[in-house]
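Below you'll find the structure, written out as structure tokens, and then a few comments.
The values are calculated or read from the model by the stated rules, or taken from the named source; none is laboratory data. All figures in this text were calculated on a predicted structure; none of them were measured in a lab. Cβ: placed from backbone, ideal geometry, glycine included. Neighbour counts: every protein chain shown. The accessibility values were calculated without ligands, DNA or RNA, using every heavy atom of the protein model including side chains. Shrake-Rupley method; radii C 1.70, N 1.55, O 1.52, S 1.80 Å.
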Amino acid sequence: MAAPSRTLGIAFSDGDRVSRVAGAVVRADGTLDGLAFERCAVGGTDATEAAIALSDALGREDVRHVACAGVAPAWFNLLDLRRVHEALDRPVYAVSYEPSPGLGPALREAFDGDALERRLDIYRSLPPRVRVERAGDDGSRPLFVRAVGIDDDRAAAAVRGLVREGFRRPEPLRLAAVAASAHREAVGEE
């Protein structure tokens, strides 16, 4: 499977209290085709709403997939991938870059009570991570993908199709991360 015709990449750049969220619409050839910005609270519970609001602000019916940079941005402001999928009616996948024993222990260390339970509920609802080897098996480090609304093999193929030669991140996520960082630098904590 080639890369989807257009993918919305969503990435976060954290400040002390506010995370700047960028959504980058990227064509299959890697061309940036739209940007939108939102914010969410560092340590909050509004990252899912920010991701949905980005798509709504863009109003792009031509976006075929939504790629998110991880599931625990903004200091454990967890993304509910199923809610994003249901709201946007598009396949949604989260991409991460390192092996992980899971977020459970870190969540239990950082939170307790209702704050912990809310995060654990979202975390438990997430599909398992699937290891994605890079094309050509050139010794590159693998990526890890959690997918909703698309089977694991198709999500893995789409992610591989979005990685440009010489880069590790899928292009929509790389461009969204650059935009989120630049936006945070430009507007700060306001």
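So here's what we get for this one:
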| quantity | calculated |
| --- | --- |
| Average accessible area per residue (Å²) across the range 60-100 - probe 1.4 Å, nucleic acids and ligands excluded | 41 |
| Carbon plus sulfur fraction of accessible area for the range 1-81, probe 1.4 Å, in percent | 47 |
| Where the Cα pairs of the chain fall when distances are cut into 10 Å bins, in % | 10, 39, 37, 13, 1 |
| Mean Cβ neighbour count within 10 Å, used as a protection proxy, ranking 95-104, 37-46 highest first | 37-46, 95-104 |
| Calculated P(r) tail over 18 Å for the range 1-98, as whole % of Cα pairs | 40 |
| Shape call, the range 131-182: gyration tensor on alpha carbons, a/c limit 1.5 | oblate |
| Antiparallel DSSP beta bridges within the chain, as percent of all bridges there, nearest 5 | 75 |
| Inter-probe distance in nm under a simple model that places probes 7 Å from Cα toward Cβ, at residue 2 and residue 49 | 4.0 |
| Cα-based shape type of the range 35-90, given that a ≥ b ≥ c are square roots of the gyration tensor eigenvalues and the cut on a/c is 1.5 | prolate |
| Extension gain, residue 167 back to residue 111 (0.36 nm per residue minus Cα-Cα distance, nm) | 16.7 nm |
| Environment charge of residue 36, counting only residues whose C-beta is closer than 12 Å and scoring Lys/Arg +1, Asp/Glu -1 | 0 |
| Residue-span extension gain [residue 181 to residue 41] - 0.36 nm each, minus C-alpha spacing | 48.9 nm |
| Rg [Å, one decimal], Dmax [Å, integer] - the range 88-182, C-alpha atoms | 15.3, 47 |
| Residue 57-residue 82 pseudo-label distance in nm [points 7 Å out on the Cα-to-Cβ vector] | 2.8 |
| Added length on full extension, which subtracts the Cα-Cα distance from 0.36 nm per residue, residue 17 to residue 153 | 45.2 nm |
